[in-house]
Amino acid sequence: MLNELAEFRAYTEPPIYKADSKRDTTYMGRFTMDMILDFNGLARVLTVLARGYLFADADENPGDKIDYARRALCAWCSVPDKKKASPKEEWKFKSDFRELHGEFPELMDENGMGWFCRHVHCIVRFMKNSPDTVSKTAYGKADIIDKEFDAAWRRKVVQFQVPIFSQGTSGAWVLRFDDVLADALELGPLRNNSIDLPNDILKRMEELRPEKVPAEVIRILLAYYIANRSEDSEWVVLPVTNFDAYFGSTMFSRKWLPAIPESIIMRKKERLGVARFRASQSIL
């Protein structure tokens, strides 16, 4: 979560599909079941992707590359159309961008299968072929994902393309490529925000840390806060779902985060996998 360059590579390079035990979720990459089933946490993923393509060349004006970055997002999100679609399944915006394969071969194949769609199907294939090394819960969801993901993702990709000023309810309260690109321009180039916390902060953190919360979890949270804090606000957006993916376990959101006392961090109520938090004055 601190090294955004590594995060970008995790969303664009071929993942490793393996698991050494039922607790090992390496095969999921930087994703969780919630991200696949409910699409939570994709705002950060898409924004990291957009920043990577907008600011790939420091000599070019990112404002001139908005269409290029949008095409990259379309390629990553692409899902092949059904061979036979009924009139009810025809959309105002398409979801199959196979014509972009030549421009973004790393993000999609020649049949319109985008990186994310391909990754999900590879996860399903791994789960079905490895019942002894994936959890019973994950194994039980493999068939559901295999049967239902493409249709659900196709609808989501169409929503991404709804213009910001679209009239009617079709464009209300949905994540859109326009939102992603605006955030990407504001955030700027991808950064490696890895830092070493001062010894005095580490000492106070250890004095206040609950035994059941790993020290590394709190260290990364504090470093993330310091790296992302703005001058005009003490609060920082906390992408909870993406932290789950980073740690490879929902232990972060379900066990560790709720157990961290306000003497270390304070946080607002989570919604759709996102919350706001700030570090306590006593810890910094």
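Things worth noting here:
- Evaluation of Ala245 against (1) in contact (Cβ under 8 Å) with a residue 24 or more places away in the chain; (2) under 20 Å from Asn199 (Cα atoms) (one fails), failing number: (2)
- Residues of the stretch 16-61 classified as closer than 16 Å to Thr250 by Cα and of a type in the set (Phe, Trp, Tyr), total: 3
- Here Asp178 clears all of (1) charged (D, E, K, R); (2) in the same structural domain as Leu42 (by TED's automatic domain parsing); (3) free of Cβ contacts under 8 Å to residues at least 12 places away in the same chain except the condition numbered (3).
- If you go through the stretch 170-195 and keep only what is among the aromatic types (Phe, Trp, Tyr) and outside any loop (DSSP other than H, G, I, E, B), you end up with just Phe177.
- Test: Phe31 is surrounded by 19 or more Cβ atoms within 10 Å (Cβ to Cβ) and free of Cβ contacts under 8 Å to residues at least 40 places away in the same chain: no
- Filter result for Arg118 (within 25 Å of Met1 (Cα to Cα), crowded, with 17+ Cβ neighbours inside 10 Å and at pLDDT 95 or above): yes
The values are calculated or read from the model by the stated rules, or taken from the named source; none is laboratory data. Since the structure is predicted, the reported quantities are computational estimates derived from the model, not experimental observations. Using ideal geometry, Cβ is built from the backbone for each residue, glycine included, and neighbour counts are taken over all protein chains shown.
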